[in-house]
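Asker: Below you will find the structure I want to go over with you.
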Amino acid sequence: MKRVAAGLVLPAALVATGITAPAAHAAVDGTDVESRKQAAAAAGATPRSAKTPQSSTVNLIVGGSASASSLGFASNGNAALDRLGVRIVSVPRAEAGQAAAKLRATAGVTYVEEDAVVTADRVTPNDPLYSEQIELPQITVPDAWSTTTGSGLTVAVVDTGVTSFNDITGRVLPGYDFVNRDTNAADDNGHGTAVASLIAAQGNNGKGIAGVCWSCKILPIKVLDSAGSGYQSTVASGIIYAADKGAKIINASLGGTANVAALRDAVAYAQRKGSLVIASAGNDAVGTLHYPAAYPGVIGVGGTDTDSDWYLYVDIINGYYFGSNYGPSWVDVAAPWCTTAANLDGFNTASTADDYAEFCGTSASSPLVAGVVALLKSKAPKAGNTALVNALTRTARPTEITGFSQYGEIRAARAVTSIDTTAPRITGTNPGNNKRFRGAVQVTATGVSDSGGSGLSHAILYANGKQVGRDNTAPYSLRYNSGKYSGNVNLQWRVFDKAGNYGAYNRRVIADNKAPTVKITSAPKNGKKVKGTVTVKVAASDASGIARVELYINGKLVKKDASKPYTFKIKVSKYGKKLKIKIRAVDKVGNTRTTATRTWKR
């Protein structure tokens, strides 16, 4: 089994040294992530990582269309994983290689992967309860509350479960326990309850703490056991369950370094259903990708110190360091590393002060971000995920330490007032309304602008409901080919901004790919002898109108007539002993039709 060191428990003496001893931090100056780590190493500190215990069995994740009976091993999938065509097979570790080879050779099996362990991304110092949540002003949550304190949105907490307590009473929904496979999603570790309290603890009620979104509902989904550990496949099940239950915000304060297809596919499944996944980056002060935070479209969250910068703690006395994982390519934003949260261990004590304790790590950072996203969604219920993410990221404050995150530490107040729900404007398009054309036509959007603040992103052109193409650069212009079709073409431009809003403009044009009708109504018959001057009369018509009628003698164009009645007088002595006559009609969009040849003798 692959195990990761996503959670650390620190002794109180260590925490006190890290917070109060300036000497511990004086040796780690630097302007970027790697230079600070090098300085820590030069001071004699090494990374503090969780050990990687090995179990006697291995879970193999089997993907594909093969039936459970055809695998040759007992499988224990679930309804959530069934949606991905995934089953789990448990085998002795010594037999894992042979079992995997046999499974890969089974018809209908597309992949076999070793399941990987994930753990809660938490560091929990045993410090006394803080009387104030200083992290909330740091990311301007109180200022955001002047705009909104949230609504009854459902936020899924994929974690160790959630135990309801006074600050979230009545707002914990029925959930599911994927560890014990039952509907009792109560917390037997404390991590999930702490996470839920940061998101949804009732504010302004004279007790406890204030969560970020005071009215949010929590969907508890237990995927980690009492030790805060679990499997990627179980996390995948929880994310699918959350999406199926309609949770539009999913918090996962957990992760591991294994890139497991089932988890990746589960995240993609949730995204297709409109869910936004927010996940912690991990606590080992490394740039190693941490999943699910590093998956595309997931908001990966790092941790910051009280100076709103990359969190790195160096214990010179004991010779190690730890801190937020980093990497601008996958850590999107950051939030405070330490905060005050619900303390499950204190629920059974006589003192209510024990109900809360300091809660640290990117496990705390992630729900702070999830809570802020819930505030944004409360402020603008119709805003899409792109608009929410755009508001969150473009208002973040960049950290001084480089190489940490892409956008920096979130700023709730600016974000909640910066949600762009204004669609771009488009006032016209070329060609003009009811314009007739043949074959292909260049379609250009005109009068395009964006006042919402996000900026223009791209434009998509549709014809009769089908996408013609996409243009990523203004001015937007695409070529539409009507092929052999003739009839009305309903064009629609959709111009998008970077927040996902779009403005539309409709125009009807007419495709005319039909040749005109043309016939000779009066002329000598085929094979006749002619002399002097011969008159040829022609009838021609077309829905787009006739541009001209042309006379060809012996293969050469000799005359044109652009107005009715179409009449040609031919002096036959000019064209030799034999005359081959053809008439060609051209309509106003360029379609043509030619009559059969008449041959005359002189």
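Asker: Which residues, taken from the range 159-195, are of a type in the set (Val, Ile, Thr) and touching a His at 6+ places or on another chain (Cβ under 9 Å)? Can you show your working first?
Answerer: Kept after step one, since they are of a type in the set (Val, Ile, Thr), are these residues of the range 159-195: 160, 162-163, 168-169, 172, 179, 183, 193, 195.
The one that is of a type in the set (Val, Ile, Thr) and touching a His at 6+ places or on another chain (Cβ under 9 Å): Thr160.
Asker: Residue check: is Ser67 modelled with pLDDT under 80, of a type outside the set (A, V, I, L, M), farther than 24 Å from Thr160 by Cβ and not assigned by TED's automatic domain parsing to the domain that holds Asp182? Steps first, answer last, please.
Answerer: Details: modelled with pLDDT under 80: no; of a type outside the set (A, V, I, L, M): yes; farther than 24 Å from Thr160 by Cβ: yes; not assigned by TED's automatic domain parsing to the domain that holds Asp182: yes.
Answer is no for this residue.
Asker: Please verify whether the range 543-562 includes one or more residues that are closer than 16 Å to Ser522 by Cβ, touching a residue at least 40 places away in the same chain (Cβ under 8 Å) and β-branched (Val, Ile, Thr).
Answerer: No, there is no match, as no residue in the range 543-562 is closer than 16 Å to Ser522 by Cβ, touching a residue at least 40 places away in the same chain (Cβ under 8 Å) and β-branched (Val, Ile, Thr).
Asker: While we're looking at this one, here's another question. Just to be sure I understand, how many residues within the range 548-570 are farther than 11 Å from Ile583 by Cα and crowded, with 19+ Cβ neighbours inside 10 Å?
Answerer: 1
Asker: Another one. Select from the range 353-368 the residues that are in contact with an Asp or Glu (Cβ under 9 Å, 6 or more places away or on another chain) and within 26 Å of Thr147 (Cβ to Cβ) and list them in ascending order.
Answerer: Listed by number, the residues that qualify are Ala364, Ser365, Ser366, Leu368.
Asker: For the range 434-448, indicate whether the set of residues that are in contact with a Pro (Cβ under 9 Å, 6 or more places away or on another chain), farther than 29 Å from Ala515 by Cβ, surrounded by 14 or more Cβ atoms within 10 Å (Cβ to Cβ) and without any contact (Cβ under 8 Å) to a residue 60 or more places away in the chain is non-empty. Explain how you work it out, then say what you get.
Answerer: If we filter the range 434-448 for residues that are in contact with a Pro (Cβ under 9 Å, 6 or more places away or on another chain), which is where we start, we get 437, 441-446, 448.
Now narrow it down to the ones that are farther than 29 Å from Ala515 by Cβ: 445-446, 448.
Within this subset, residues satisfying the condition of being surrounded by 14 or more Cβ atoms within 10 Å (Cβ to Cβ) are 445-446, 448.
Add one more test, that the residue is without any contact (Cβ under 8 Å) to a residue 60 or more places away in the chain, and what stays is 446, 448.
Looking for residues that are in contact with a Pro (Cβ under 9 Å, 6 or more places away or on another chain), farther than 29 Å from Ala515 by Cβ, surrounded by 14 or more Cβ atoms within 10 Å (Cβ to Cβ) and without any contact (Cβ under 8 Å) to a residue 60 or more places away in the chain, one finds at least one in the range 434-448, hence yes.
Asker: If I ask for residues that are touching a residue at least 24 places away in the same chain (Cβ under 8 Å) and either in contact with a strand residue (DSSP E or B) (Cβ under 6 Å, 6 or more places away or on another chain) or part of a strand (DSSP E or B) (or both), which ones from the range 96-115 would you list?
Answerer: Within the range 96-115, the first condition is being touching a residue at least 24 places away in the same chain (Cβ under 8 Å), and the residues that meet it are 96, 99-100, 102-103, 106-115.
Once the filter is applied, which keeps residues that are touching a residue at least 24 places away in the same chain (Cβ under 8 Å) and either in contact with a strand residue (DSSP E or B) (Cβ under 6 Å, 6 or more places away or on another chain) or part of a strand (DSSP E or B) (or both), the range 96-115 yields Ala96, Ala99, Ala100, Leu103, Gly108, Val109, Thr110, Tyr111, Val112, Glu113, Glu114, Asp115.
Asker: Would you mind finding the one in Ala335, Ala294, Ala374 that is within 30 Å of Val86 (Cα to Cα) and either within 23 Å of the chain's Cα centre (by Cα) or β-branched (Val, Ile, Thr) (or both)? Even if it seems obvious, please write down each step before you answer.
Answerer: Numbers: Ala335 fails: within 30 Å of Val86 (Cα to Cα); Ala374 fails: within 30 Å of Val86 (Cα to Cα).
Exactly one of Ala335, Ala294, Ala374 is within 30 Å of Val86 (Cα to Cα) and either within 23 Å of the chain's Cα centre (by Cα) or β-branched (Val, Ile, Thr) (or both), namely Ala294.
Results for (1) within 30 Å of Ala459 (Cβ to Cβ); (2) in a strand (DSSP E or B); (3) of a type outside the set (Val, Ile, Thr), shown as yes or no for each residue.
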site: Phe496; (1), (2), (3): yes, yes, yes
site: Gly500; (1), (2), (3): yes, no, yes
site: Lys514; (1), (2), (3): no, no, yes
site: Lys559; (1), (2), (3): no, yes, yes
site: Lys564; (1), (2), (3): no, no, yes
site: Phe568; (1), (2), (3): no, yes, yes
site: Val589; (1), (2), (3): yes, no, no
site: Ala596; (1), (2), (3): no, no, yes
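Asker: With hydroxyl-bearing (Ser, Thr, Tyr), farther than 30 Å from Ala547 by Cα and touching a residue at least 24 places away in the same chain (Cβ under 8 Å) as the only criterion, which of Thr349, Thr422, Thr395 stands out?
Answerer: Details: Thr349 fails: touching a residue at least 24 places away in the same chain (Cβ under 8 Å); Thr395 fails: touching a residue at least 24 places away in the same chain (Cβ under 8 Å).
That would be Thr422, the only listed residue that is hydroxyl-bearing (Ser, Thr, Tyr), farther than 30 Å from Ala547 by Cα and touching a residue at least 24 places away in the same chain (Cβ under 8 Å).
Asker: Wholly within the range 316-418, which helices (runs of 4 or more DSSP H) include no fewer than the required count, namely at least 2 residues that are out of contact with any helix residue (DSSP H, G or I) (no Cβ under 8 Å at 6 or more places or on another chain) and not β-branched (Val, Ile, Thr)?
Answerer: Values: elements: 362-379, 385-394, 412-416.
Filter on the range 316-418 gives 362-379, 385-394.
Asker: Of all residues in the range 63-86, how many are under 31 Å from the mean Cα position of the chain (by Cα) and surrounded by 12 or more Cβ atoms within 10 Å (Cβ to Cβ)? Before you say what the answer is, go through the steps one by one.
Answerer: Step one: list which residues in the range 63-86 are under 31 Å from the mean Cα position of the chain (by Cα), which gives 63-66, 76-86.
Right, trim to surrounded by 12 or more Cβ atoms within 10 Å (Cβ to Cβ) and you get 63-64, 66, 76-78, 80-86.
Counting residues in the range 63-86 that are under 31 Å from the mean Cα position of the chain (by Cα) and surrounded by 12 or more Cβ atoms within 10 Å (Cβ to Cβ) gives 13.
Asker: Here is a follow-up. Scan (1) more than 14 Å from Val141 (Cα to Cα); (2) modelled with pLDDT of 95 or more for the single condition Pro367 breaks and write down its number.
Answerer: Only one criterion in (1) more than 14 Å from Val141 (Cα to Cα); (2) modelled with pLDDT of 95 or more is unmet by Pro367, namely (1).
Here's the yes/no breakdown for (1) outside the structural domain of Ser253 (by TED's automatic domain parsing); (2) at pLDDT 95 or above; (3) closer than 17 Å to Thr147 by Cβ:
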residue	(1), (2), (3)
Ala350	no, no, no
Leu375	no, yes, yes
Thr395	no, yes, yes
Thr399	no, yes, no
Thr402	no, yes, no
Ser405	no, yes, no
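Asker: Restricting to the range 261-281, what's the tally of residues that are more than 16 Å from the chain's Cα centre (by Cα), hydrophobic (A, V, I, L, M, F, W, C) and crowded, with 24+ Cβ neighbours inside 10 Å? Break it down stepwise before answering.
Answerer: The initial filter retains those residues of the range 261-281 that are more than 16 Å from the chain's Cα centre (by Cα), namely 261-262, 280-281.
Subset that is hydrophobic (A, V, I, L, M, F, W, C): 261-262, 281.
Narrowing further to those that are crowded, with 24+ Cβ neighbours inside 10 Å: 262, 281.
Selection size over the range 261-281: 2.
Asker: Another question about this same structure. So, in the range 166-207, of the ones that are surrounded by 20 or more Cβ atoms within 10 Å (Cβ to Cβ) and among the hydroxyl-bearing types (Ser, Thr, Tyr), which residue ends up nearest to Ala412 (Cα to Cα)?
Answerer: Per the criteria, the residue is Ser197.
The values are calculated or read from the model by the stated rules, or taken from the named source; none is laboratory data. It should be emphasised that the depicted structure is a prediction, and the values quoted were computed from it without experimental measurement. No Cβ is skipped: glycine too gets one built from the backbone with ideal geometry, and neighbour counts run over all protein chains shown.
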